[in-house]
Amino acid sequence: MKTNRSLVSVEDLSTEELMDLFKLSTDMDRDLRSGKRLTEMQGKIMATLFYEPSTRTRLSFESAMRRLGGSVISVADPRSSSAAKGESLADSIRVVSSYSDLIIIRHPLEGAAKLASRFSSVPVINAGDGSGQHPTQTLLDLYTIHREFGRIDDLTITVLGDLKYGRTTHSLLLALARFEVRVNLVSPPILKVPSHILDRVKSSLQMVETDSLESVIEDTDVLYVTRIQKERFADMNEYRSVIGSYSVVRETVDLMKQQSIILHPLPRVDEIDENVDNDKRARYFEQAAYGVPVRMALIHKILE
Ligand code: CP
């Protein structure tokens, strides 16, 4: 992987680079578990600019940088930054890139990370741009699948939920398109994958679109569940029409293969019942924990 390069879309990474990142993530995970002190990012500063709420992405990036011996400066709430005074994103990025070696940005507008990468003098990582993409979430999603199955090819992956606004599902589909997988897209009719994403993956992916989880659950190896993205709906009546339209409960899991897994980028609201958490197939908290070693590997690759 080339150093000093921004990561805006998951398509910015080749399959070889993904696999290389996974190897390094496993090394990082081993180092973390052994308590080894890492210092390779000593003297480096990472800026996290979060214009939207986050628990996992911001804190796992910050933990990753500190675990590597680097430092972090952060805007966790845009109301505390000069964005609240009307400063443009371009100006903020020009300035923050002169204070840091790497910028991690989350923003409500699709395309914001791409714009930031144009104005930054240091690499920019997209930590979620509106309903666009969330490429580093996909890295840890694929890493979890690869760890669990030893491969990504030849699996049936069912993506359930808000496929219209869910940026994690967009990045995931774009990444899965380079593997030999079968994909079931399960959503309420008004929350289907947007055509601009479908058009990019339909020639490479074997896909089924349905609103019936029951029709595909028994063949599923990976059930990837997502939250309805309430904050993206312009019309709250439309949101209310899909509340509670799907839920993974004990009875759903009972239909699944013993060797299958359930993932969720989190946060969840009510789309996976808490009774499912103790099932061995529920892997979403392990998936979230991999956020640290995977992001350590990514920071290392970009700044090494
Ligand atoms: N998965 C994810 O992006 O979580 P946060 O919104 O908490 O960062």
| message | So if I place +1 on the C-beta of Lys and Arg and -1 on the C-beta of Asp and Glu, and nothing else carries charge, what would the dipole magnitude of region 135-288 be about its Cα centre? I want it in debye, nearest 20. | response | 520 debye
| query | Using a Förster distance of 45 Å, how high is the FRET efficiency between Gln259 and Glu304, based on the Cβ-Cβ distance and rounded to 0.05? | reply | 0.80
| said: What number results when the radius of gyration of region 124-179, computed over Cα atoms, is divided by 2.2 N^0.38 Å? | reply: 1.13
| remark: Given Cβ charges of +1 for Lys and Arg and -1 for Asp and Glu, the option among Val225, Val186, Leu173 whose Cα lies farthest towards the positive end of the dipole of region 135-288 is Leu173
| When we measure straight from the Cα of Lys301, which lysines land under 25 angstrom away, once same-chain ones fewer than 8 places off are left out? | Lys2, Lys23, Lys36, Lys44, Lys114
| request: Take the Cβ-Cβ distance between Val249 and Ser195 as r, set R0 to 25 Å, and report the resulting FRET efficiency rounded to the nearest 0.05. | output: 0.20
| field | Under-5 Å amide H pairs with Thr48, H placed in peptide plane, nonlocal only | value | Ile73, Ser74, Val75, Ile104
| message | For a quick check of your reading of the filter: which GluC sites (Glu not before Pro) in region 109-199 sit in a DSSP loop and have no more than 13 other Cβ atoms within 10 Å? | response | Glu180
| message | Pick from Asp270, Asp154, Asp235 the residue whose mean-square fluctuation is largest in a GNM of the chain, springs joining Cα atoms under 10 Å. | response | Asp235
| request: Name the residues whose placed amide hydrogens come within less than 5 Å of the amide hydrogen of Glu209, ignoring near sequence neighbours (fewer than 5 apart) on the same chain. | output: Leu185
| How about Lys257: which lysines have a C-alpha closer than 25 Å to its C-alpha, ignoring those fewer than 8 places off in the same chain? | Lys280
| When the helices in the chain are scored as -39500 (n - 2.57) per DSSP H run of 4 or longer and the sum is shared across all residues, what 222 nm value do you end up with, to the nearest 500 deg cm²/dmol? | -10500 deg cm²/dmol
| query | Lys192: which lysines have alpha carbons under 22 Å from its alpha carbon, excluding same-chain residues fewer than 8 sequence positions away? | reply | Lys164, Lys202, Lys230
| said: Taking θ = phi - 60°, what integer Hz values does the Karplus form 6.51 cos²θ - 1.76 cosθ + 1.60 yield along region 164-181, in sequence order, with x for Gly and Pro? | reply: 7, 9, x, 5, 5, 6, 5, 5, 4, 5, 4, 6, 5, 4, 9, 10, 8, 10
| message | Could you tell me which residue out of Leu263, Met236, Asn275 lies farthest along the dipole of region 232-278 toward its positive end? Charges go on the beta carbon: Lys and Arg +1, Asp and Glu -1, centred on the Cα centre. | response | Leu263
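If you put +1 on each Lys and Arg Cβ and -1 on each Asp and Glu Cβ, how big is the dipole of the chain around its Cα centre, in Debye rounded to 20? Don't skip to the end; give the middle numbers.
On the way: 39 positive and 43 negative charges, 226 e Å.
Result for the chain is approximately 1080 debye, rounded to the nearest 20.
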| Given a 1.4 Å probe, how much area per residue of region 135-288 is accessible, in Å²? | 42 Å²
| query | How large is ³J(HN,Hα), in whole Hz, for each residue of region 54-70 in order, when computed from phi with the Karplus curve 6.51 cos²θ - 1.76 cosθ + 1.60 and θ = phi - 60°, using x for Gly and Pro? | reply | 6, 10, 5, 5, 5, 5, 6, 5, 5, 4, 4, 5, 5, 4, 8, x, x
| Cα axis of helix 15-34 to longest principal axis of the chain: angle in degrees, 0 to 90, nearest 10? | 80 degrees
| remark: Judged on accessible area alone, 1.4 Å probe, highest first, Val96, Val269, Val276, Val208 line up as Val269, Val208, Val96, Val276
| query | Helix 291-303 versus the longest principal axis of the chain: what is the Cα-based angle in degrees, 0 to 90, to the nearest 10? | reply | 40 degrees
| query | Dividing the convex hull volume of the alpha carbon atoms of region 135-288 by its residue count, what do you get in Å³ per residue? | reply | 104 Å³
| message | In whole percent, and with a 1.4 Å probe on the protein chains, what portion of the accessible area of the chain is carbon and sulfur? | response | 47 percent
| field | Choice from Met65, Met28, Met236 showing the highest fluctuation, given a GNM over the chain with Cα pairs closer than 10 Å | value | Met236
| message | Looking at the chain as a GNM with Cα springs under 10 Å, which of Ile93, Ile190, Ile157 has the largest mean-square fluctuation? | response | Ile190
| request: Tabulate in residue order the Karplus-calculated ³J(HN,Hα) for region 128-137, using 6.51 cos²θ - 1.76 cosθ + 1.60 with θ = phi - 60°, rounded to whole Hz; enter x for Gly and Pro. | output: x, 10, x, 8, x, 9, 8, x, 6, 5
| said: Rounded to the nearest 5, what % of DSSP beta bridges with both residues in region 135-288 are antiparallel? | reply: 0 percent
| task | For Ser131, enumerate residues with amide H under 5 Å from its amide H, sequence gap 5+ or separate chain, H modeled in the peptide plane. | result | Glu110
| request: Summarise the long-distance tail of P(r) for the chain by giving the % of C-alpha pairs beyond 32 Å. | output: 25 percent
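The values are calculated or read from the model by the stated rules, or taken from the named source; none is laboratory data. These numbers were taken from a predicted model, which means no experiment stands behind them. Cβ sites come from the backbone with ideal geometry, for glycine too, and all protein chains shown count toward neighbours. Protein only, heavy atoms only, side chains kept; ligands, DNA and RNA dropped before computing areas. Shrake-Rupley method; radii C 1.70, N 1.55, O 1.52, S 1.80 Å.
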